[in-house]
Amino acid sequence: MAQLPPNIYEQQAANRRNTIIVMGVFTLFVGFLGFGVDAFVLGTEIPIATFIALCIGAGTAFWGLNNGAVSVLTSAGARPVPPEDPKYQQLRNVVDEMSIASGLPRPQLFVVPDQDPNAFATGKDPEHACIAVTEGLVERLNREELQAVVAHEMSHVRNYDTRMMTVVAALGGAVMLLSEFGLRATRFGGGRKKDRGGLGPIVLVLWLVAMILAPLITQLLSMAVSRQREYLADASGAELTRNPLALATALGKINAATEPTRSIKKGTAHLCIADPLGRAVNSKEGFVSDLFATHPPIGKRITLLKAMAYQHG
Amino acid sequence: MIAFYGFVILVVLLVAWVIGKYNSLITLRNQVANGWKQIDVQLKRRHDLIPNLVNTVKGYMGFEQETLEKVIKARNAAVSATGVGNIAAKEGELSTALSRLFALAENYPTLKANENVKQLQEELSSTENKISFARQFYNDIATKFNIVQQVFPANFIAQLFGFQAAELFEVKEAAEREVPTVDLSLRK
């Protein structure tokens, strides 16, 4: 994990590519589900269910790309920041400042009614970006720290991390539901299946394995994706504010608030600046953490930021 | 015949390359102009906020007349400044005058507690930040523009179409550039 983060352009390209891969794999997965229905339930020669399922899968994937942000925001209970409320004046100002510093359009701003400090960004591209922060974050952080957190989120937007992660968040839930549905369908439909010769059992086993593994693979993918990006977003956020120490103290404060962020569900955890669930696996290093944690250990991130501040003098 | 086709393909490739470079130069030039506009917008916002601030604090800091006048004077000088270098210098002076005013305001607890003043102060410090971030962005994009113009072989195209290097927004005043000296020697 000690390798240098890739540069922004590679990161953007990788994110666009991975988004397409995720959407493609999702479509195939749904198609495979339909294939199962064809093979074991209907037993017809023409793969009607496969075809319908492929269409539905592709439709959902594109829906996820375009509407993922809305569903992520809704599931967190985020509401738009009132434009006149003086309580959020500072937040609005730092967001404006960071949109100037990054040269990106100003994102839409949301607040999550939760006392635990946390923040996330979502949206398919910088033109449709949304940044959400919790009330606890606004209350606990000072101006500079708030600016640092917003800069971190703006970096996710600029690097197209938000596109990738929003699609994963939107489709991940669907994969879990479908996998459940597929496994149940096998149990009920098993008796009616037509005999397909020697190939039948092999296909059935493959199908079962895909159904069981799909949610796990989705989970691993979203975790690996998000962990890598946090370091880069920290670094490029610090480049925007030229103030790495502010992000370090902000992360310290976020970490010190031990309560989990209740408004943020498991499916969207990987979008946040710090793990909202306060899972122990995220504060450790090593193979298991590398595989299952959604976020790099905060201590390590703080150390890196402090080193950056030292270099800047 | 093959030689002829080879020649045609070469010419087409060359023309395509020239068009591509020219277009990217045009894009960058517009981005630089836009970056400069962004600084302008923020500077104007600061100019608009200052009379407001001075009027609000006047009642509390009546006897700091001199400081207030200096701020107004620096503001008016900045409004009428033209040219990148001159604007940078005048805005720098305005920043210095403003920070002196804010430092003095610390001595007036009733002033600091005033909700109106607090909001104005937040607006002004945000505008200060926006100015420096807009400068940072302008300098980054202008540097990119200049590099594209100057590297070989694109420099021929830049010269052919008369592209000019963009001026960077620098802090001209010696006082602003100077690093404060810290004396850590132990005195007995």
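The values are calculated or read from the model by the stated rules, or taken from the named source; none is laboratory data. Only a predicted model underlies this, so the values are computations on that prediction, with no experimental measurement involved. A quick note on method: Cβ atoms are made from the backbone with ideal geometry, for glycine too, and the neighbour counts reach across all protein chains shown.
Laid out as a table, the results:
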read-out	value
Hey, residue A:171 more than 21 Å from residue A:66 (Cβ to Cβ) and of a type in the set (A, V, I, L, M, F, W, C) or not	no
Some residue of region B:83-94 being surrounded by fewer than 12 Cβ atoms within 10 Å (Cβ to Cβ) and within 30 Å of residue B:135 (Cα to Cα)	yes
Looking only at region A:20-71, and only at residues there that are closer than 16 Å to residue A:207 by Cα and under 22 Å from the mean Cα position of the chain (by Cα), the one that is surrounded by the fewest Cβ atoms within 10 Å (Cβ to Cβ)	A:28
Check on residue A:99, modelled with pLDDT of 90 or more, hydroxyl-bearing (Ser, Thr, Tyr) and touching a helix residue (DSSP H, G or I) at 6+ places or on another chain (Cβ under 9 Å)	yes
Residue identified as within 14 Å of chain A (Cβ to nearest Cβ), out of contact with any strand residue (DSSP E or B) (no Cβ under 7 Å at 6 or more places or on another chain) and not basic (Lys, Arg) among B:39, B:50	B:39
Failed condition for residue B:162, given (1) part of a helix (DSSP H, G or I); (2) more than 8 Å from chain A (Cβ to nearest Cβ)	(1)
Residue A:71 touching a Pro at 6+ places or on another chain (Cβ under 9 Å), assigned to a helix (DSSP H, G or I) and of a type in the set (Gly, Ala, Ser)	no
Subset of region A:99-132 [among the small types (Gly, Ala, Ser) and closer than 13 Å to residue A:161 by Cβ]	A:121, A:123, A:129
Helices (runs of 4 or more DSSP H) enclosed by region A:76-195 - at least 2 residues per element that are in contact (Cβ under 8 Å) with a residue 40 or more places away in the chain and within 13 Å of another protein chain (Cβ to nearest Cβ)	A:89-102, A:143-158
Residue satisfying all of: in region B:9-38; of a type in the set (Ser, Thr, Tyr) and touching a residue at least 24 places away in the same chain (Cβ under 8 Å); farthest from residue B:136 (Cα to Cα) among these	B:22
Scope region A:112-122; condition at pLDDT 90 or above and either in contact with a Pro (Cβ under 8 Å, 6 or more places away or on another chain) or among the basic types (Lys, Arg) (or both); matching residues	A:118, A:121
Test: residue B:104 is away from every other protein chain (no Cβ under 14 Å) and either in contact (Cβ under 8 Å) with a residue 40 or more places away in the chain or in contact with a helix residue (DSSP H, G or I) (Cβ under 7 Å, 6 or more places away or on another chain) (or both)	yes
Of the criteria (1) within 18 Å of the chain's Cα centre (by Cα); (2) in a helix (DSSP H, G or I), which one residue B:117 fails	(1)
First in region B:124-147 and within 8 Å of chain A (Cβ to nearest Cβ) and touching a residue at least 60 places away in the same chain (Cβ under 8 Å), second anywhere and aromatic (Phe, Trp, Tyr) and part of a helix (DSSP H, G or I), Cβ under 9 Å, 6 or more apart	B:134/B:36
Residue in region A:62-69 that is under 19 Å from residue A:162 (Cβ atoms), within 14 Å of chain B (Cβ to nearest Cβ) and among the small types (Gly, Ala, Ser) present	no
